[in-house]
């Protein structure tokens with residue numbers, strides 16, 4: 001007599017099934033890490049646009065999870081912000097017809113931040129450094145504080 005296979009269980013052992021979300025949509029607990037990081041980038045850009053809006057009008061800002069592989073060790077790219085050999089962000093000058101793109105790498109920045117405030121400060125520092133690189137100015141001109 002052949003044994004028939006039972007269909008896979010769609011519920012847990014006690015028959016309750018999957019539970020609902022832990023937090024309702026719209027509350028801070030329901031936001032993902034990437035959404036929170038995007039908000040930090042937008043805050044940094046808004047802060048810089050208070051003083052540099054005309055110069056930043058054609059600049060796009062983007063977030064990627066991880067950086068691409070680094071070029072060989074002998075090459076130095078001044079358009080990349082690097083911390084201990086790991087890129088935190090880069091400036092792509094001629095990517096789109098609209099203008100340059102400032103790209104931040106979420107995972108390396110989050111790994112270096114001690115807490116939420118430190119993560120916000122680090123995001124602002126990387127954005128400000130890349131904007132200074134784009135404008136050809138000193139970082140102290142962009143962020144005097």
Worksheet item: residue 124 passes all but one of (1) in a helix (DSSP H, G or I); (2) at pLDDT 95 or above; (3) in contact with a strand residue (DSSP E or B) (Cβ under 9 Å, 6 or more places away or on another chain); which number fails?
Response: (3)
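Let's see how each residue does on (1) more than 26 Å from residue 141 (Cα to Cα); (2) modelled with pLDDT under 90:
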| site | (1), (2) |
| --- | --- |
| 24 | yes, yes |
| 28 | yes, yes |
| 40 | no, no |
| 46 | no, no |
| 81 | no, yes |
| 90 | no, no |
| 99 | no, yes |
Worksheet, complete the sentence: The number of residues in segment 32-65 that are in contact with a strand residue (DSSP E or B) (Cβ under 6 Å, 6 or more places away or on another chain) and not in a helix (DSSP H, G or I) is 7
Worksheet item: Looking only at segment 61-79, which residues are under 21 Å from residue 123 (Cβ atoms) and either loosely packed, with under 13 Cβ neighbours inside 10 Å or modelled with pLDDT of 85 or more (or both)?
Response: 61, 62, 63, 64, 65, 66, 67, 68, 77, 78
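The values are calculated or read from the model by the stated rules, or taken from the named source; none is laboratory data. On a predicted model such as this, the values are computed, not experimentally measured, just so you know. Ideal geometry is used to build each Cβ from the backbone, glycine not excepted, and the neighbour counts take in all protein chains shown.
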